[in-house]
Amino acid sequence: MPLALLALAVSAFGIGTTEFVMMGLLPNVADDLGTSVPTAGYLVSAYAIGVVLGAPLLTGLGSRVPRKKMLLLLMALFTVGNLASALAPDFGWLLAGRVLAGLPHGAFFGVGAVVAARLVAEGRQARAVATMFLGLTVANIVGVPAATLLGQHLGWRATFLVVAVIGLTAMAALARLVPTIPVEAHQDVRRELRALGNRQVLLGLLTAVFGFAGVFAVYSYLSAMTTKAMGFGESSVTVVLALFGIGMTLGALAAGPLTDRALRPTLYGSLGALAVILVAFPFTVQVHWAALVMVVLLGGVGFMTTTPLQMLVMNKAKDAPTLASASNHSAFNLANAGGAWLGGVAIAAGWGWTSPAFVGAVLAVIGLAIAAAAGFLDRGPGRASRVVAANHARPAPSPTRPAFQDGTATPGGPAATSTPGPSGHSTPSGV
């Protein structure tokens, strides 16, 4: 794998740390700024709002900016947002700093995914994207617990200062390691918007909203479940969260090669497994070792959905995948907010601390149904009955312009050839 992927992973590590660390710092921020913990919780929502707004806005504004320069600008905005958060004099300014830090999130992963896919030969694009996302998962194992501990001992402002330093380090790595990748001459906002209107892209985004909401229906309340349902002490919360992060990392490692081999089956399998694990989770909480195993599995299958969904929208957006890819992160953040809200409704209704798991299972099943419907609609003459990345019957395209995973060539790259599909239809190579 190219070293440039390391620069993307370091950037993802910083983004993942600042996204999730606020959940552990809410009591500290509330005490320091003289507000309540529920009010401080708006800081989590503020970041998500920044992601949802920034993904389409910044991607559109940067549609003609060379990829490497765009990555540097987005990471600079991320660094400024975290620095502003560290220096915020009151709650209002901190709220604004969180929105600012969230703005580049979706656009960075959208552009970064396209860059990662273009850095490697055909048949390895999903693994390249998954490598970038490893930084996000490792942040949940190392970054978030360490940053939370730092904030508890040195104050929450120290946490955001350190994340700003990570941002500067990521910028140096991007400048040094990522090659220059120019924007295609025909690339513009209108083309990106047309690609976003593709039915398969929209169904992919809708799958992300519902399917991934099942993960966050539980993850948002995992700390409370650890003490109130599993019976662990408060000192164990960090360990349980780290186990969830380990599961996420294992899921990302497995998702890359599986998605390269068969995209839709990987998506169906991960969503189906997520629903099963969420149903089983409440019945295991009384047995400590079983509960911990389920936490790892939940993180693993939950995050295994992200790579196939990311590659799916990039594939179906054809030669304008950046906005669709960035919008996928808006969809994930809508899933975060929606899953957390519905899980909270279940707890408030008196259904118990583990009731969000059943809510999450329903959401995962809805996501699976949408994904299955999208796969059915994608079948037929000239369409793929399954999406895979590699086809050894044709020569690999130039490493600088590999075809995307469903056989669609990148802009200016070689066109896809056809081979007999599994149903006998003529199917694009790589499908």
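Could you give each residue of the stretch 84-101 its phi-based ³J(HN,Hα) in whole Hz, using Karplus coefficients 6.51, -1.76, 1.60 with θ = phi - 60°, and x for Gly or Pro?
Each residue's phi maps through the Karplus curve to give 4, 5, 5, 9, 4, x, 8, 4, x, 5, 5, 4, 5, x, 5, 4, 4, 5 Hz.
Once you sort the root eigenvalues of the Cα gyration tensor of the stretch 47-115 as a ≥ b ≥ c, which label holds: rounded (a/c under 1.5), prolate (a/b larger than b/c) or oblate (the other case)?
prolate
Students often check this: by mean Cβ neighbours within 10 Å, which of 6-12, 347-353, 65-71 ranks highest, and how do the rest follow? Mind showing how you got there, number by number?
Numbers: 6-12: 25.0, 347-353: 12.9, 65-71: 20.1.
Put in order of decreasing packing, that is 6-12, 65-71, 347-353.
Given a 1.4 Å probe, how much area per residue of the stretch 285-356 is accessible, in Å²?
That works out to 31 Å² for each residue.
For the stretch 298-383, with all protein chains present and a 1.4 Å probe, just round the carbon and sulfur fraction of the accessible area to a whole percent.
Roughly 74 percent, rounded to a whole number.
Return the whole-Å distance between the Cα centroid of the stretch 280-309 and the Cα centroid of the stretch 1-46.
23 Å
Does the stretch 200-346 come out rounded, prolate or oblate, given a ≥ b ≥ c as the square roots of the eigenvalues of its C-alpha gyration tensor, rounded meaning a/c under 1.5 and, failing that, prolate meaning a/b above b/c?
Prolate.
To the nearest 20 Debye, how big is the dipole of the stretch 1-144 about its Cα centre, given +1 on the beta carbon of each Lys and Arg and -1 on that of each Asp and Glu?
Numbers: 8 positive and 5 negative charges, 160 e Å.
Dipole of the stretch 1-144, to the nearest 20 debye: 760 debye.
Is there a quick way to get the dipole size of the stretch 51-209? I mean about its Cα centre, with the Cβ of Lys and Arg at +1 and of Asp and Glu at -1; what is the value in debye to the nearest 20? Let's see the in-between values first.
Numbers: 14 positive and 5 negative charges, 78 e Å.
Around 380 debye, computed over the stretch 51-209.
Let me know the Kirkwood hydrodynamic radius for the stretch 99-243, please, with Cα pairs as the basis and the value in Å to one decimal.
Roughly 18.7 Å, rounded to one decimal.
On the full set of protein chains, 1.4 Å probe, figure out the accessible area of Thr180 and give it in Å² to the nearest 10.
Here the accessible area works out near 110 Å².
What's the carbon and sulfur percent of the stretch 224-264's accessible surface, probe 1.4 angstrom, rounded to a whole number?
Working: 1040 of 1620 Å².
The nonpolar share, carbon plus sulfur, comes to 64 percent.
Multiply the residue gap between Asp90 and Gln152 by 0.36 nm, knock off their C-alpha separation, and tell me the result in nm, one decimal place.
20.5 nm is the gain from fully extending Asp90 to Gln152.
Could you tell me which residue out of Gly251, Gly367, Trp289 lies farthest along the dipole of the stretch 243-389 toward its positive end? Charges go on the beta carbon: Lys and Arg +1, Asp and Glu -1, centred on the Cα centre.
Positive-most Cα among the choices belongs to Gly367.
Working from the pairwise distances between different alpha carbons, so that the mean of 1/r is found and then inverted, what is the stretch 195-285's Kirkwood radius in Å?
The Cα-based Kirkwood calculation yields 15.1 Å.
Arrange the peptides 284-290, 113-119 so that the one whose residues have, on average, the most other Cβ atoms within 10 Å appears first.
Descending mean neighbour count gives 113-119, 284-290.
Pop out the ³J(HN,Hα) list for the stretch 134-150 in order, Karplus 6.51 cos²θ - 1.76 cosθ + 1.60 with θ = phi - 60°, rounded to Hz; leave Gly and Pro as x.
With the stated coefficients, the stretch 134-150 comes to 4, x, 5, 6, 5, 4, 7, 8, 10, x, 5, x, 5, 5, 5, 4, 4 Hz.
Based on the alpha carbons, how large is the Rg to Rh ratio for the stretch 269-382 when Rh follows Kirkwood?
1.04
With a 1.4 Å probe and all protein chains in place, put Leu74, Leu161 in order of accessible area, largest first.
In descending accessible area the options line up as Leu161, Leu74.
For a test of the definition: using alpha carbon positions, the gyration tensor, and the 1.5 limit on a/c, classify the stretch 1-59 as rounded, prolate or oblate.
The shape class here is oblate.
The values are calculated or read from the model by the stated rules, or taken from the named source; none is laboratory data. Predicted model, so just to flag it, every value in this text is computed and none were measured. Note that each Cβ is placed from the backbone with ideal geometry, even for glycine, and that neighbours are counted across all protein chains shown. Surface accessibility is based on the protein's heavy atoms, side chains included, excluding ligands, DNA and RNA. Shrake-Rupley method; radii C 1.70, N 1.55, O 1.52, S 1.80 Å.
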